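Here is the structure we will look at, set down as structure tokens.
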Amino acid sequence: MCKEIERKLNQKKIAYDPNVLAKACDFAGKAHEGQKRATGDPYIAHPLAVAEILADMGMEFHTIIAALLHDTVEDTSISLDEIEKQFGKDIRSLVNGVTKLSEIEFSRQYQLESLTERQEMEVENFRKFFLAIAEDLRVVLIKLADRLHNLETLGAKSPASQKRVAQETLEIYVPLADRLGIGQLKVDLEDLAFRYFMPDEYQKVRLLVSEKIDDRKKNVNILQKSIPRLLTKNQIKVIKIEGRAKHFYSIYKKLKKSDGDIDKIYDLMAIRIIVPEESDCYKVLGVIHQQYKPLIYRIKDYIAVPKPNGYKSLHTTVFGLDGRITEIQIRTPKMHDEAEMGIAAHWHYNQSKSKIFSVFTRSSYAPKNDLEWVKQLAEAQKGFNDKELIENLKIDFFHNRIFIFSPKGNIFNLPEGATPIDFAYLVHTEIGNHYVGAKVNGKIVNLNYKLENRDIVEILTSPKAKPSRDWLNFVKTSGASQNIRSWFRKESREDNLKSGEETLVSKLKAVGLTLSDIDERILSFFNVKNTDDLFVLIGEGQITSRQVTNRILDPGTEKQKRPSKTKRTELVIKGTEGMPYRLAKCCQPCYGDKITGYVTQGQGITVHRTNCANIIRNNPNKLTEVSWQSGSAIYQIPILVKAKNRIGLLKDITYLLTDKKINIGSIKSKHEGDMTVIEMLIEIEKMVLLPIVINNLLGIKDVYEVKRLR
Ligand code: MN
């Protein structure tokens, strides 16, 4: 029964155990006994065909065995445990992967020709989900081969199911084969799916091509004879030269671009030249261009700049003998293998080391935004070494991502540990801002529920609901935390604006002024663009309404312009008369504190707080009167924060302060048991802000004590 598979394994020099192969064929045959395919064939024909496709691709032996068994668990009474008992753990996990993939179905039907950006993203998410569920690239390859054989026998199904399978193939399987660089499978899947998805267009293209192809073939035949002579004359060794017909779906796409004019499609037939070395490729190109005039804009160097999926070749299109145009592709055997087999090319058995596979070193993947994950995949595969090969086939580059569904079946991709709130903000900012709760798989869950792969999540909203600062402690995505922060920033701005306006209006009224007395001069004095910004400053307590009215009534009262936020001003102390001074370390006086200077010979003045124990004990003769220079200071205040240890605590504190535009002079933290003690020096412009800051810090989760030090 498995003679054909054996023949292919031998042909591809794949190491295998004939006993295990015979056992698997027999096992599958018995399991599917009596079952029939829609074509009327005995069911076993299908797993055999899938295994043959994979053997043709040169896949390693376990993949072949798993292909033979791939439908047993889903369609017969065989259990995974039984598979493991008979064939081992690796085969079990492959069969399990294929079975899991059979359970998922991409049921959304889109207009393939005109996907919106959002639909595009969703289809892309499904492809990633597909890979994540597969967990092993070999599972994906079995699934692709399975799909290919199902398409080959699709004629026996109803037109509706033909169309559904064909569309799913074009949306999911073809792009996956393409991304994995398996050109051979991609082309076969695509042409078969095209035939069932757009039967009329397919027939049209077939007819058009058949009218032209003989003519083109003639041209190709002539070139196929003349080129080898040309290359031999130039001492270039040729491994193979072949003519190949373009496949129908790509002709269909090209026809659409060229207004249906098939004469504008030059590569209905192409010539492929395979030469030993990369340098030979360029030599061939030169020799051909000497003889045949190229179409300049159609010379493509995919060796220097490979396609995103790793494809390498030189392409050129030339005027043949009688002026007919033909495309020529030039590549090495390695480039050819990789173009046809992609990732699978790297399974090819290496005869010098038994049971060891060649190392995957595809450095040519070009990073392109939307193909970023393909690059990740390639990177993940690079780590291959002989022993770890099978381990490295695991698709773990999605290990930190989960895939969840909306009740309508839309699929979303989130980082591991994400909560329903992250999901809500991913769907829409307004949904996040009005979140009241979530149902996961039909049940109400906690606010900080951690979503799991394949959860179906429904967000409950209410027009009156508002975000809570507490959310910042558990949301996982930067999108969610940014949205929450900006909501609060806006919200508090509006509050401050309103209260600032009220304060100022009543103050102005009290001194017989109105808002119309605030002119450009006043606005520029306070470093603001408009009256709204001025109200916000007053509301935030950064300036007082009295400062504003004073400024209007007597422009001379304040000589100094309010320092702009970005400029730090020096702390100036009156009474030091040009002597050097420093702030005492023992009591760390802050702007506003009562202070006394202590004169040390040769060292200038040390400024202490008046009630500092050190100063009280000292010689009163050495004390000198000092005071703060007003209006030019930034208060530096040491703060102590005690909190329960947790990850993200420091981040939360610094976020909060940064949010309030408070500079942190220094910060030190240490662990004491399960407690974190943080000492920091914060810099604020107004003392009145201190209690507000302390209060805010106390609002951070797990913080239980905040106080000013000394
Ligand atoms: Mn199958």
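Observations on the model:
- Every pair of residues 6+ apart whose Cβ atoms lie under 6 Å, when the first sits in region 243-254 and is farther than 21 Å from Gln167 by Cα while the second is open to solvent by less than 30 Å² (accessible area, probe 1.4 Å) and at pLDDT below 85: Gly243/Val220; Gly243/Met269; Arg244/Ala270; Ala245/Met269; Lys246/Asp267; Lys246/Leu268
- When residues in region 245-275 are screened for being open to solvent by less than 40 Å² (accessible area, probe 1.4 Å) and in a loop (DSSP other than H, G, I, E, B), 7 of them pass.
- Filter result for Glu501 (at pLDDT 90 or above and open to solvent by 60 Å² or more (accessible area, probe 1.4 Å)): yes
- Yes/no for Ile431 being under 27 Å from Tyr655 (Cα atoms), in a helix (DSSP H, G or I), β-branched (Val, Ile, Thr) and open to solvent by 40 Å² or more (accessible area, probe 1.4 Å): yes
- Top-ranked residue of region 631-644 - restricted to ones that are at pLDDT 85 or above and not small (Gly, Ala, Ser), ranked as surrounded by the most Cβ atoms within 10 Å (Cβ to Cβ): Val641
- Residue match in region 190-201 (condition: open to solvent by 50 Å² or more (accessible area, probe 1.4 Å), within 16 Å of the ligand (Cβ to nearest atom) and in a helix (DSSP H, G or I)): no
- Residue match in region 297-313 (condition: assigned to a helix (DSSP H, G or I) and either free of Cβ contacts under 8 Å to residues at least 60 places away in the same chain or outside the structural domain of Gln224 (by TED's automatic domain parsing) (or both)): yes
- Applying the criterion of at least 1 residues that are among the charged types (D, E, K, R) and in contact with a Ser or Thr (Cβ under 8 Å, 6 or more places away or on another chain) to the strands (runs of 3 or more DSSP E) found wholly in region 593-710 leaves 604-609, 623-625, 635-644, 663-672, 675-684.
- Region 36-81, subset of a type in the set (Asp, Glu), part of a helix (DSSP H, G or I) and more than 11 Å from the ligand (Cβ to nearest atom), residue nearest to Ala134 (Cα to Cα): Asp81
- All of Val98, Val165, Val123, Val140 fail the test of being within 23 Å of Ala339 (Cα to Cα) and not assigned by TED's automatic domain parsing to the domain that holds Phe248, apart from Val140.
- Filtered residues of region 202-239 (kept if open to solvent by 30 Å² or more (accessible area, probe 1.4 Å) and of a type in the set (A, V, I, L, M, F, W, C)): Leu207, Leu208, Ile222, Val238, Ile239
- Failed condition for Glu4, given (1) modelled with pLDDT of 90 or more; (2) out of contact with any helix residue (DSSP H, G or I) (no Cβ under 8 Å at 6 or more places or on another chain); (3) open to solvent by 50 Å² or more (accessible area, probe 1.4 Å): (2)
- Subset tally (residues that are assigned to a helix (DSSP H, G or I) and either in contact with a strand residue (DSSP E or B) (Cβ under 9 Å, 6 or more places away or on another chain) or of a type outside the set (D, E, K, R) (or both)) for region 166-189: 15
- Filtered residue count, region 127-154, keeping only those that are more than 18 Å from Ala67 (Cα to Cα), touching a residue at least 60 places away in the same chain (Cβ under 8 Å) and open to solvent by 10 Å² or more (accessible area, probe 1.4 Å): 2
- Tallying residues that are assigned to a loop (DSSP other than H, G, I, E, B) and either surrounded by 13 or more Cβ atoms within 10 Å (Cβ to Cβ) or in contact with a strand residue (DSSP E or B) (Cβ under 6 Å, 6 or more places away or on another chain) (or both) within region 453-490 yields 11.
The values are calculated or read from the model by the stated rules, or taken from the named source; none is laboratory data. Keep in mind that this is a model prediction, so the values were computed, not measured. All Cβ positions, even for glycine, are placed from backbone atoms using ideal geometry, and neighbour counts span all protein chains on display. With ligands, DNA and RNA removed, areas are computed over all heavy atoms of the protein, side chains included. Shrake-Rupley method; radii C 1.70, N 1.55, O 1.52, S 1.80 Å.
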